[in-house]
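The values are calculated or read from the model by the stated rules, or taken from the named source; none is laboratory data. Computed from a predicted structure; not experimentally measured. A quick note on method: Cβ atoms are made from the backbone with ideal geometry, for glycine too, and the neighbour counts reach across all protein chains shown. Quick note on the areas: whole protein, heavy atoms, side chains included, nothing else; ligands and nucleic acids left out. Shrake-Rupley method; radii C 1.70, N 1.55, O 1.52, S 1.80 Å.
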Amino acid sequence: MPWFAAHVIMSVRFKDGKQDKYPVWENIILVEAATDKEAWDQVRARAKEDEGDSRGSFTWGGRPASWVFAGVRKVIMSDYLGTQPQSGTEVTYSELEVATAEDLQKLVDGGRVDLTYVE
């Protein structure tokens, strides 16, 4: 069966006061599934397991909060079709655009840069 890499979007929802920002994590989850549809179904179910507030102990920036499953952005079939991914297997990709070579270097270095997310 093929392996799929799913890009799951999780968001922080504050429990107190105004939701003045929306912290977001993009988590990559691997699933093994017979079909694309089965992979999407598995990923949605798996991602919902990460929702919650760690029994009331989760905070973000000192504020009480909860993780909320926002959705699945994309599911990509891995280039490896064996029994399990191996070292070096490409499991996902994202296409981005930056305006300049300097912006490209900032991106590589982990700096702040404006970019366009293509896919």
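Which residues, counting only those in the stretch 3-27, are out of contact with any helix residue (DSSP H, G or I) (no Cβ under 8 Å at 6 or more places or on another chain) and in contact (Cβ under 8 Å) with a residue 60 or more places away in the chain? Don't jump to the end; show me each part of the working.
First, the residues of the stretch 3-27 that are out of contact with any helix residue (DSSP H, G or I) (no Cβ under 8 Å at 6 or more places or on another chain): 3, 5, 7, 9, 11-26.
Hits for the stretch 3-27 are W3, A5, H7, I9.
Could you please give the count of residues in the stretch 94-116 that are loosely packed, with under 12 Cβ neighbours inside 10 Å and touching a strand residue (DSSP E or B) at 6+ places or on another chain (Cβ under 7 Å)? Even if it seems obvious, please write down each step before you answer.
Here is the first cut: in the stretch 94-116, the residues loosely packed, with under 12 Cβ neighbours inside 10 Å are 95, 97, 99-102, 108-112, 114, 116.
Applying the additional criterion that residues be touching a strand residue (DSSP E or B) at 6+ places or on another chain (Cβ under 7 Å) yields 97, 116.
Result for the stretch 94-116: 2.
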TODO: Please name all residue pairs, on different chains or six or more residues apart, with Cβ atoms under 8 Å, provided the first residue is in the stretch 28-55 and is at positive phi and the second residue is open to solvent by less than 70 Å² (accessible area, probe 1.4 Å) and aromatic (F, W, Y).
DONE: G52/F58; G52/W67
Open item on the list: Considering only residues that are under 30 Å from P2 (Cα atoms), hydrophobic (A, V, I, L, M, F, W, C) and assigned to a loop (DSSP other than H, G, I, E, B), which ones fall in the stretch 50-102?
Closed with: L81, V91
Task: Some residue of the stretch 58-77 being more than 19 Å from the chain's Cα centre (by Cα), among the aliphatic types (A, V, I, L, M), surrounded by 15 or more Cβ atoms within 10 Å (Cβ to Cβ) and more than 30 Å from K15 (Cβ to Cβ) - done: no
Task: Yes/no for V12 being surrounded by 11 or more Cβ atoms within 10 Å (Cβ to Cβ), at pLDDT below 95 and of a type in the set (V, I, T) - done: no
Open item on the list: Just to be sure before I move on: is A33 over 15 Å from the mean Cα position of the chain (by Cα), over 25 Å from V91 (Cβ atoms) and among the aliphatic types (A, V, I, L, M) in the structure I sent?
Closed with: no
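Before we move on, is R44 outside any loop (DSSP other than H, G, I, E, B) and either modelled with pLDDT of 95 or more or touching a strand residue (DSSP E or B) at 6+ places or on another chain (Cβ under 8 Å) (or both)? Outline the logic, then answer.
Details: outside any loop (DSSP other than H, G, I, E, B): yes; either modelled with pLDDT of 95 or more or touching a strand residue (DSSP E or B) at 6+ places or on another chain (Cβ under 8 Å) (or both): yes.
So R44 fits the description; yes.
Matching residues to (1) under 21 Å from Y117 (Cβ atoms); (2) of a type in the set (K, R); (3) touching a strand residue (DSSP E or B) at 6+ places or on another chain (Cβ under 7 Å):
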position: S11; (1), (2), (3): yes, no, yes
position: E38; (1), (2), (3): no, no, no
position: A70; (1), (2), (3): yes, no, yes
position: K74; (1), (2), (3): yes, yes, yes
